[in-house]
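What follows draws every value from the coordinates through simple rules; no lab data is involved. Worth saying up front: this structure is predicted, and the values here are computed from it rather than measured. Neighbour counts run over all protein chains shown; Cβ positions are idealised from the backbone, glycine included.
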Amino acid sequence: MRQTRRSIVAALTLSAALLSTAACTGGGGEDDAPDATAEVTTPAWPTAIDPTTTTEPFFVVWTEIVETGEGDVTALQPAIDSLSALGYQTLPWDPACQSGTEEKLAGLTGFADPLGVGVVFATAQDAGMFDTLYEGSTVSVTEGTYTCGA
C-alpha cells in the first residue's frame, strides 16, 4: 500500500509544481511584480467521513496499529489525542471492518490480529492531503468498503 501513498504524494507534488510554473510565467512588465499584500494560504484539512454511512470504497489513513490484547486503548491513546487536537474524533477500530485491510496491516506490522486508529476519507485525494498535512506518523493508507455490521 506504500506505493499508493507515494503515487498520491507524487500527484500532489506534480500539481503544485504545475501551478507554481503557471503562476511564474508572463511578460516582464511592471504589472508582473509580486503582490506584497498577497497571503500565503495553507491547504484546508480534509473532512473525515463515517464509514458506516457509505457503500462506496473509502480510504483510511492508519496512524497507529497495535496487536489486539496488548494494551489496546492505552497504547493507542496518544494517536487518538493527537487526532482529536486536529478536530478528528477517532476511536480504535478493527481493520477487518474495511475489506482486505486486516490482511494488509497484518502483513505490514507482523501482528496477527491488528487493532488501529485511522481517519476515514471518501477520496484518495483527501487521504493524501491529510497524510501530507499530518505531522504524526502514518502506518499505511488503505482502500476498501465497510464490512462490519452497524
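General observations
- The GluC sites (Glu not before Pro) found in the stretch 95-143 that occupy coil by DSSP, while having at most 16 further C-beta atoms within 10 Å, are 135.
- Here the stretch 71-144 is treated with +1 on each Lys and Arg Cβ and -1 on each Asp and Glu Cβ, and its dipole about the Cα centre works out to around 60 debye.
- Counting neighbouring Cβ atoms within 10 Å and putting the fewest first, the residues 60, 120 line up as 120, 60.
- Label-point separation, residue 45 to residue 94 (7 Å along Cα→Cβ), nm: 2.9 nm
- Residues 93, 45 arranged by fewest to most Cβ contacts within 10 Å: 45, 93
- Cα gyration tensor shape for the stretch 105-150, rounded if a/c is under 1.5, else prolate or oblate: oblate
- Once backbone amide H atoms are built at 1.01 Å from N, residue 49 has 120, 121, 122 as its partners under 5 Å, excluding neighbours fewer than 5 places away on the same chain.
- Cα gyration tensor category, rounded, prolate or oblate, for the stretch 71-144 with a/c compared to 1.5: oblate
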